[in-house]
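Please read the structure below before turning to the comments.
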Amino acid sequence: MHTPSRRQSLAVGAILLCCLSLFAPTLAAQSNRTAQSNDQGSIASNPCVGTIERPANGTTVVAVQGYSWLDEGQKREAKLVGIGPDGTVKWVHHTGDHGMVWGYDVDPMPNGNLFVTGTTQGKTVVYEFNPRTQEHVWRETLPIEDTHDIDLINNGTQLLVANLRNYNEEENRNDDSIFVYDLQKDEVVWRWYFRDHYDSNVGGNYTKDWTHVNDVDKIGPGEYLASPRNLDQAIVINRSTGNIDMQLGSYGEKDILDKQHNPDYLESENGTPTLLVADSENNRIVEYEKEGDGWNRTWSLGKGDDLSWPRDADRLSNGNTLVGDSKHERVMEVTPKGKVVWEFYTPWLVYDVARLPDERAESPTIADQNATGSYAFKGATQKYDAESMKQCNAYLNSIDGWADGQKPANTTTSDGTGVQDDDSGNSATSLPGFNVVVALVSLLAAAALLVRENRD
């Protein structure tokens, strides 16, 4: 048996020391990440995490209104919460600090920013929010009350507005409407009144909150999908003709829709118009396909107390559905057959949910996925009790802006545009295992040389 010489032993020691030095940065980085995972915003200290079966595909944004039936009806400030794929809180934007009393719709923009709708006292405010810099890019205030949804349309030059609670006392008429406001002209350039199409004896109180139109989306050139909640229906308005081209539901037909929120327009692979709707008072999410002059319900999600007043549902590109479960104060990603794969609690009172990057344009219908039917939830945590929600609320209120250790290293703040991270919970870094691989290769190469020298 050959015995290594002292020179060879020293060589092995030197090689091991070299390799340890290569390992050290990696081990230190892992140690830092471990310590970071126990910081503010992390899973370890986070009482808001529910079921996380697998990481989400991007950042989930939730508009929280700040009101709860579990808290004796106390009003708290509205906020936006950005949640990473594994349930880590990335950032919290306190909209109440910017004068917003009620937070409503939040829409992803093509540049990675968010378009936010909310209300102040007697007015409505919209603004573009950059989550990477936590700054407002621009802001517009409109003299209308309690508006739930305003969308940017036509390359960002106009606002599409769902105008509710608009009774004109001087003229003794209700002016609830859908209108387009031109930002460059600073004026309303088109308006459609509900009073021209509906009798005053249907819906809510005609002089206070008649239609409660809570959502409007542009779904095609001159085609607007609107949700007059108190009329129990979703309608598509033709801007050119003023006609209602499609109508799902009818006032009083509660088995179809009952005070719904935030309908989304989808098309199947064969072009069939499809509506995905948060059917709020029926405590379910439903999907309907156009069938001749009527509609066919192809999907229903939620049975019993699975949901409590859901107010938003977005179909994701992977076929799952992102659900805002308002009174249970949580957001969930659910498979077509009801399995909860991602769940996070955001007290108090969830209104709108979104996923960054925006995937809705690529979203399949339920029929496309061969998953038609009615499904109950499976795998949800269901921890919505008063004490748990208070702990979660206190935790989210303790974060202002980016949570510790979550701010991307490439974020800029000079012009409000920033540099976008990958929206998957990770900022751009070197491969964590690279130094380990280098070290192992070096060690193996050195060992081979020594063996060869011993054989020689």
(message) What number does the stretch 146-282 give for Rg over Rh if you use C-alpha atoms and the Kirkwood radius?
(response) 0.96
(message) For a test of the definition: using alpha carbon positions, the gyration tensor, and the 1.5 limit on a/c, classify the stretch 201-283 as rounded, prolate or oblate.
(response) oblate
(request) Express the relative contact order of the stretch 77-127 as a whole percentage, based on alpha carbon pairs under 8 Å and six or more residues apart in sequence. (result) 26 percent
(request) Would you tally the net charge around ALA234, using a Cβ to Cβ cut-off of less than 11 Å, leaving ALA234 out, and scoring K and R as +1, D and E as -1? (result) -4
(message) Taking the Cα of ALA394, stepping 7 Å toward and past its beta carbon, and measuring to each backbone N in the stretch 342-385: which are under 16 Å?
(response) 347-348, 385
(message) I'd like the chymotrypsin sites (Phe, Trp or Tyr not before Pro) in the stretch 318-379 restricted to DSSP loop residues with at most 15 other Cβ atoms within 10 Å, sorted by number.
(response) none
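What net charge do the residues around GLY87 carry, taking every other residue with its C-beta under 13 Å from that of GLY87, with Lys and Arg at +1 and Asp and Glu at -1?
Net of charged neighbours comes to -1.
Please go through the residue pairs LYS327/LYS383; LYS254/LYS339; LYS218/LYS327; LYS218/LYS303; LYS90/LYS390; LYS123/LYS390 and name each one whose alpha carbons sit more than 22 Å apart in this structure.
Beyond 22 Å: LYS254/LYS339; LYS218/LYS327; LYS218/LYS303; LYS123/LYS390.
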(request) Enumerate the amide H contacts of TRP190 below 5 Å, restricted to partners 5 or more residues apart or on another chain; note that Pro and chain-start residues carry no placed amide H. (result) VAL180
(message) Net charge around ARG139, counting only other residues with Cβ within less than 14 Å of its Cβ (Lys, Arg = +1; Asp, Glu = -1)?
(response) -3
(request) Could you list which residues have their amide H under 5 Å from that of ILE144, counting only those 5 or more apart in sequence or on another chain, with H placed in the peptide plane? (result) THR124
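Ranking request for peptides 115-128, 185-198: highest mean number of other beta-carbon atoms within 10 Å first, then the rest in descending order.
Numbers: 115-128: 19.5, 185-198: 14.1.
Top of the packing list down: 115-128, 185-198.
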(request) Give, in nm to one decimal, the length gained when the segment between GLU223 and ASP305 is fully stretched (0.36 nm per residue of separation minus the Cα-Cα distance). (result) 26.0 nm
(message) Once ligands and nucleic acids are excluded and a 1.4 Å probe is used, how much of ARG229 is accessible, expressed in Å² to the nearest 10?
(response) 40 Å²
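Work out the length of the dipole vector of the stretch 207-302 about its Cα centre, built from +1 on the beta-carbon of each Lys and Arg and -1 on the beta-carbon of each Asp and Glu, and round it to the nearest 20 debye. Could the numbers behind the result be given before it?
Numbers: 9 positive and 18 negative charges, 66 e Å.
Value, rounded to 20: 320 debye.
Report D for the stretch 88-219 in µm² per second (integer): Stokes-Einstein, Kirkwood Rh on Cα pairs, 4 °C, 1.567 mPa s. Show your work: numbers first, answer last.
Working: Rh = 15.7 Å.
So the translational diffusion coefficient is about 82 µm²/s.
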(request) Name the residues whose placed amide hydrogens come within less than 5 Å of the amide hydrogen of ARG76, ignoring near sequence neighbours (fewer than 5 apart) on the same chain. (result) TYR67
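For the stretch 179-303, calculate the relative contact order in percent as a whole number, restricting contacts to Cα pairs under 8 Å that are 6 or more residues apart. List each step's numbers first, then the result.
Values: 247 pairs, mean separation 16.4, N = 125.
Relative contact order comes out at 13 percent.
The values are calculated or read from the model by the stated rules, or taken from the named source; none is laboratory data. Source: prediction; values computed, not measured. FYI the Cβ positions are ideal-geometry reconstructions off the backbone, even for glycines, and counts take in every protein chain you see. Just the protein is used for accessible areas: all its heavy atoms, side chains included, with ligands, DNA and RNA removed. Shrake-Rupley method; radii C 1.70, N 1.55, O 1.52, S 1.80 Å.
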